[in-house]
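Down below is the structure, laid out as C-alpha cells.
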Amino acid sequence: MVALLFPGQGSQFLGMGRDLAERFPAARAAFEEADAALGVPLTRLMWEGPEEELTLTLNAQPAILAHSVAVARVLAERLGDAAYGAGHSLGEFSAYVVAGSLAYADALRTVRRRGELMFRAGQERPGTMAALLGLDDAAVERVCREASGPDGECVPANYNSPAQVVISGDLAAVERAMTLATAAGAKRAVRLNVSGAFHSPLMAVAEAGLEARLAEVELATPRFPIVSNVTAEPVAEPGEARRLLVRQLTSPVRWTASMQYLVGVGVTRFLELGPGSVLAGLLKRVSREVEVRSIGTADEAEAFLNS
C-alpha cells in the first residue's frame, strides 16, 4: 500500500516550486490558481522573496500547500493507488485537497486565514517553541509538567519521531523546560524561530476564527482516509475532519503515532509531496523497513515519472 505525506510549516524556502512551474504546465497552472485565489502574487514571493516575508505564517502556509498541490498534479496519473494520506499540521490541509475533499482555492484561503489567526494569537499571548532531542515521550511530558507554573504553561506540541519532540508554551515555562530537559539527559534543547506557541493552549483564541472559516467551505468525503494529527487515526467523514482541523490548533501533532499506525496497517511505500524531505527523515526513525521517497523538485518529479 501507498501513503502520501505532506509537509508543514518550516519546509518553505526561497525559490520553492519555480523549477516545477518551468518544466510542467500542470504545476504552472497550480501556482497561477494560487495567485488568483488569494489575490496576491504568492508565487513571486515564493520565487523572489524577500525571504523574511515568505517565512511569515500567513505566507508560508499557502506557499507550502501550493507547492504540494503542484507536485500532486504533476504526478496525478501515478497517485491513483494511494490508500492513505497524512500531513504534518498545515500539511493535513494539503492532504484533504489531494484526496478531493477540500477545493484547492478554498484551502488556500483557509490556510492563509489560519496563518493570520495563529500569528495574531501569538501577539495576544506571546509564546515560543523548542525542540528536545534525545528524550522519550514520557520524559518530555514529565519535563513539561514540572516546568509549568503560575507564570506559564508548557506542553508537548509535536511528537515528531522517537526521541524528537517539540514543546510549546509561555516563554518562561519553555525556558525552564529546556533547562530541565538538559538535566534529564536531552542531547539538545533548541529554541525555534516561530511567531507563537503553536499546538498549545496559547492558540485557543484562534479556534473560533478557524471554525468560522471552515464552516464556510464544503468538505466532501476524501477518496482515501486522512490520518489526523490529533488522533493518529484515519478520518473519512467530513464533519469529523472539520472538527479535528480546528482542534489541531491547540493539540499536539501526533506524527510518530500516525506513522506507526500507517506502518501497522500495512503501508510499505510513502511519498512525501512538497518542499523538502523532513517527513522522510522522521519516518526513517520510526521504521527502516518501509520505502519513502520525497518529491518536491522538477528533477525528483521527472525521475519518479520515469521510474
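Here, each number is a calculation from the coordinates, and none is a lab measurement. All of these numbers come straight from a predicted model, not from anything done at the bench. All Cβ positions, glycine included, derive from the backbone under ideal geometry; neighbour counts span all protein chains shown.
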Q: Could you give the C-alpha radius of gyration of region 127-195 expressed as a fraction of 2.2 N^0.38 Å, taking N as the number of residues it contains?
A: 0.93
Q: Determine the shape class of region 201-307: with a ≥ b ≥ c the square roots of the Cα gyration tensor eigenvalues, call it rounded for a/c under 1.5, and otherwise prolate if a/b is greater than b/c, oblate otherwise.
A: prolate
**Q.** Between region 244-307 and region 1-79, the alpha-carbon center distance in angstrom
**A.** 17 Å
Q) Given springs between every Cα pair under 10 Å in a Gaussian network model of the chain, which of PRO41, PRO156, PRO252 has the largest fluctuation? A) PRO41
Q: Mind checking which of MET46, ALA183, SER89 is farthest towards the positive end of the chain's charge dipole, using Cβ charges of +1 (Lys, Arg) and -1 (Asp, Glu) about the Cα centre?
A: ALA183
Q: Would you mind telling me which residue in GLN164, GLN123, GLN61 has the biggest mean-square fluctuation in a Gaussian network model of the chain, where springs connect alpha carbons within a distance under 10 angstrom?
A: GLN123
Q: Calculate how steeply helix 238-247 sits against the longest principal axis of the alpha-carbon atoms of the chain, using the helix alpha-carbon long axis, and give the answer as 0 to 90 degrees to the nearest 10.
A: 40 degrees
Q) How many nm separate the modelled label positions at ARG44 and ALA236, each set 7 Å beyond the Cα in the direction of the Cβ? A) 4.5 nm
Q: Go through region 72-89 residue by residue and turn each phi into a ³J(HN,Hα) via Karplus (6.51, -1.76, 1.60, θ = phi - 60°); whole Hz please, and just put x for glycine and proline.
A: 4, 5, 5, 9, 3, 5, 9, 9, x, 9, 4, 9, 8, x, 7, x, 7, 6
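Taking the Cβ of each residue in MET1, MET203, MET259 as the centre, tally the other Cβ atoms inside 10 Å and list the residues starting with the fewest.
Fewest-to-most Cβ neighbours within 10 Å comes out as MET1, MET203, MET259.
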Q. In nm, to one decimal, how far is the GLU211 label point from the GLU77 one, both placed 7 Å along Cα→Cβ?
A. 4.6 nm
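Can you compute the charge dipole magnitude of region 127-195 about its Cα centre, using +1 on each Lys and Arg Cβ and -1 on each Asp and Glu Cβ, nothing else charged? Give it in debye, rounded to the nearest 20.
The calculated dipole for region 127-195 is roughly 240 debye.
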Q: Please say if the chain is rounded, prolate or oblate, where rounded means a/c under 1.5 for a ≥ b ≥ c the square roots of the C-alpha gyration tensor eigenvalues, and otherwise the choice is prolate for a/b larger than b/c and oblate otherwise?
A: prolate
